[in-house]
């Protein structure tokens, strides 16, 4: 099996359930599309590079306290991402500071550093990278639903104000629509997504049993 086919098999094994440790980040960062895009970049950066460094420096890691060292390493990668973002757009970095700071927490909670340590360097990097993107896809989907319905706008990171508005309509929203802007609305939306996933998974298992 060549490298591309092997990586494809690894990507297929990534379940949507694996993104559950990032639900808190999803709720916090999906209020605006600009925040979600910045968070997705931080996820790909921290997950991919941290896993690669862990694999490359596995021989130098101590037997005890490895989790603490990995936490510092993931936090350092997040700091590098924030520094690069600060150079490109200082206001965007300020707006996304708390969101990016949470990424190392969810990297440790997901257990990615332990699940991919038996793979090769290339496979561990791509598997961790695409697991971060799987969370990123859900995050972008949430943002594309929440921001237009809640604020009647859509934004991207950048610009002198930290975000660029693709469109913005000034109109009064009904309470059920404005509710999606809050954490309780995001949890409600997450519950609908989870119920849909369970329903589709149940139907797929039923089709396999019928065959």
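No value in this document is a laboratory result; all are computed from the given coordinates. In this text, all values refer to a predicted model and were calculated from it rather than measured experimentally. Positions of Cβ are generated from backbone atoms using ideal geometry, with glycine treated the same way; all protein chains shown enter the neighbour counts.
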Once you have the Cα-Cα distance between residue 83 and residue 203, take 0.36 nm times their residue separation minus that, and quote the gain in nm to one decimal.
38.6 nm
I need 202, 59 ordered by Cβ neighbour count within 10 Å, fewest first.
59, 202
If you take the beta carbon distance between residue 67 and residue 23 as r and set R0 to 30 Å, what does 1/(1 + (r/R0)^6) give as a FRET efficiency, to the nearest 0.05?
0.90
Proxy reagent accessibility, fewest Cβ within 10 Å first, across 92, 80:
80, 92
Give, in nm to one decimal, the length gained when the segment between residue 109 and residue 179 is fully stretched (0.36 nm per residue of separation minus the Cα-Cα distance).
22.3 nm
Assuming R0 = 30 Å, can you tell me the calculated FRET efficiency for the pair residue 196 and residue 56, based on Cβ-Cβ distance, to the nearest 0.05?
0.15
Of 55, 47, how do they rank once you tally other Cβ atoms within 10 Å and put the fewest first?
55, 47
What length, rounded to one decimal in nm, is gained on full extension from residue 76 through to residue 144, with 0.36 nm per residue of separation minus their alpha-carbon distance?
21.5 nm
